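Undergrad: Below you'll find the structure I mean.
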């Protein structure tokens, strides 16, 4: 099953052949920024992967809510 990527985050009709970053990626980046704003950035790979996984889950929930 393909994930709903929300379409392009910053659509530009002048460059319709270039999609750029998806809205899902943009929202996940914002969620990661919020997660890192409370303290130091984790040093272990497992901690970073955990935060990334949850950032994408949050982005997916935001897109699901938008589409409901």
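Every number here is computed from the coordinates shown, using simple stated rules; none is lab data. The structure displayed is predicted, hence computed values, not measured ones. As a convention, Cβ positions derive from the backbone with ideal geometry for all residues, glycine included, and neighbour counts pool all protein chains shown.
Undergrad: Restricting to Cα atoms and excluding each atom paired with itself, what does the Kirkwood estimate give for the stretch 18-57 in Å?
TA: So the Kirkwood estimate lands at 10.8 Å.
Undergrad: Something else: Place the peptides 25-31, 46-52 in order of packing, highest mean first, counting for every residue the other Cβ atoms within 10 Å and averaging per peptide.
TA: 25-31, 46-52
Undergrad: Can you tell me the 0 to 90 degree angle between the C-alpha axis of helix 23-36 and the longest principal axis of the chain, rounded to 10?
TA: 20
Undergrad: As a footprinting exposure proxy, order 15, 36 by other Cβ within 10 Å, with the fewest listed first.
TA: 15, 36
Undergrad: Between residue 65 and residue 33, what is the label-point separation in nm under the 7 Å Cα-to-beta-carbon projection?
TA: Each label point lies 7 Å from its Cα, and together they span 1.7 nm.
Undergrad: Using the Kirkwood formula on the Cα atoms of the chain, what hydrodynamic radius do you get, in angstrom to one decimal?
TA: In the chain this quantity evaluates to 13.2 Å.
Undergrad: Counting pairs of alpha carbon atoms under 8 Å apart in space and at least six apart in sequence, what relative contact order in percent does the chain give?
TA: Numbers: 57 pairs, mean separation 23.8, N = 68.
Once divided by the residue count of the chain, the mean separation gives 35 percent.
Undergrad: So, R0 is 35 Å and r is the distance between the beta-carbons of residue 18 and residue 44; what FRET efficiency does that work out to, to 0.05? Walk me through the numbers on the way to the answer.
TA: Working: r = 36 Å, r/R0 = 1.02.
After rounding to 0.05, the efficiency reads 0.45.
Undergrad: Also: Could you state the angle between the C-alpha long axis of helix 45-67 and the longest principal axis of the C-alpha atoms of the chain, as a value from 0 to 90 degrees rounded to the nearest 10?
TA: 40
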